[in-house]
Amino acid sequence: RPEHRRETARFWRENRAEAALRERCLVPAEEYERFAQAVERALVEHQRREEQRILQMAADIREAERRQRETVQAALQVEPELCTGPSVCRPTAGPGRDNPCAAEQPGPSGMQTGPDLAWMESGKVLTFIGHQEREGKGNVHTGAKPPWLTEEEEDGSKQQIGPSYEEFLKHKEKQKLKKLPVERVGANFDHTSQTSDSWLPSFGRVWNHGRRWQSRHQFRTESGENKKK
Amino acid sequence: MSFLLPKLTCKKEVDQAIKSVAEKVLVLRFGRDNDAVCLQLDDILAKTAHDLSKMAVIYLVDVNSVPVYTQYFDISYIPSTVFFFNGQHMKVDYGSPDHTKFVGSFKTKQDFIDLIEVIYRGAMRGKLIVRSPIDPKNIPKYDLLYQGI
């Protein structure tokens, strides 16, 4: 503490601030001690309150789930014939699905009246057909090549020279197309072009400086290395 | 009601539909014909198909017959409905976690009609993702269990 005082004195002198100001600016030691203790106590208090709040929320959610399940049971028993559909679906939906789905709507659907509840109930019991495992191939979320762009087998070529009548009809259609808005989706799509595997320009590099071709070059180098390996 | 709507039974047919339906929204319902919620949805699709015929083309696809597509679109709950326009997959923000498809059935025919109209108008303006006009409380809730990002 003494060297701190010396330093503050020096600082004051160097910046030529008023001595009176210094009295007000310095925080006396006891004040500081008091403050530190108060902070600790406040922190402990705050943590306790947060924990209580979370426990309360959990209890509320559990309560709501229970109420909802009971309502559903009651509704299912009241109308047995109508519910043979949904209750057949229920077992196939799997046990794990029931809880998280019920947790989605704790308050409101517990209080909905009959018809609305019936619609959302059968809507909630969506048949679950399993996780779609496609490791190594990717899917729509990862930007993999869509199945309709993968050219696998081609039909045998037509016997006839060419369907000229069809061509004519297509030509008439294309004439009509010219009247449509020019910026619509897929307007200038070249249907005969081939699609490579890197059709989606997602080569990341979020935090980069520099130009786009640099990150593209980087990506190509890395993927080139992978292929050679 | 699903016997009124045309069906696609193999990957090639789905490919063909996506690539050939032009200037209209392509609606692909992935599900099973005998599933309860699918029946509800198919009913709505069948009843609105005629009125929407200038804006949309609707097909039903059985998830068991096109495993490639079931996996590509990560279809874990049925029915799941996917929308395309001119071969481009259209995404819609329903307020649910997954924008790539609509899971479940619609509450009313009008909801579906409104959605098709919004997708069609968005596509005409070049938008690849649009916001759904359906009230979020009418969107079925489900858990998105996607693994392996």
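Observations
- Among B:ASP74, A:ASP60, B:ASP111, a tally of other beta-carbon atoms within 10 Å of each Cβ gives an order, fewest to most, of A:ASP60, B:ASP111, B:ASP74.
- Here the range B:67-149 is assigned +1 on the Cβ of each Lys and Arg and -1 on the Cβ of each Asp and Glu. Its dipole about the Cα centre then comes out at about 220 debye.
- Arranged from fewest to most other beta-carbon atoms within 10 Å of their beta carbon, B:HIS50, A:HIS217 become B:HIS50, A:HIS217.
- Loop-resident sites, the range B:5-98, for trypsin sites (Lys or Arg not before Pro), counting at most 13 other Cβ within 10 Å (DSSP): B:LYS54
- Whole-number D in µm² s⁻¹ for the range B:87-149, Kirkwood Cα-pair radius fed into Stokes-Einstein, 10 °C, 1.306 mPa s: 127
- Each DSSP beta bridge with both residues in the range B:7-138 is either parallel or antiparallel, and the antiparallel ones are about 50%.
- Full extension of the segment from A:ARG205 to A:THR142, taken as 0.36 nm per residue of separation minus the current Cα-Cα distance, would add 21.1 nm.
- The range B:11-61 shape via C-alpha gyration tensor axes, a/c threshold 1.5: oblate
- Spacing of the two label points (7 Å from each Cα toward its C-beta) at A:ALA74 and A:LYS170, in nm: 6.4
- Normalised contact order of the range B:7-138, rounded percent, pairs of Cα under 8 Å and 6 or more residues apart: 29
- Put a plus charge on the Cβ of each Lys and Arg, a minus charge on the Cβ of each Asp and Glu, and nothing anywhere else: the dipole of the range B:7-138 about its Cα centre is then about 340 debye.
- Too-long pairs where the Cα-Cα distance tops 25 Å, listed order kept, from A:LYS179/B:LYS101; A:LYS145/B:LYS11; A:LYS145/B:LYS109; B:LYS7/B:LYS54; A:LYS178/B:LYS19; A:LYS176/B:LYS101: A:LYS179/B:LYS101; A:LYS145/B:LYS109; A:LYS176/B:LYS101
- Computed from the Cβ-Cβ distance with R0 of 30 Å, the FRET efficiency linking A:GLN218 to B:GLN88 stands at 0.55.
- Full extension of the chain between A:ARG1 and A:THR192 gives 60.7 nm of extra length, using 0.36 nm per residue less the Cα-Cα distance.
- Positive-end residue of B:TYR120, B:PHE30, B:THR9, charge dipole of the range B:7-138 with Cβ unit charges: B:TYR120
- In order along the range A:34-51, the Karplus-derived 3J(HN,Hα) couplings, from 6.51 cos²θ - 1.76 cosθ + 1.60 at θ = phi - 60°, round to 4, 4, 4, 5, 4, 4, 4, 4, 4, 5, 4, 4, 4, 4, 4, 5, 4, 4 Hz, and Gly and Pro are given as x.
- Taking a ≥ b ≥ c as the square roots of the eigenvalues of the alpha-carbon gyration tensor, the range B:7-138 is classed rounded because a/c is under 1.5.
A short reminder: the numbers here are calculations on the coordinates, not readings from a lab. Values in this document were obtained by computation on a predicted structure and should not be read as measured data. Cβ atoms come from the backbone with ideal geometry, glycine included; neighbour counts cover every protein chain shown.
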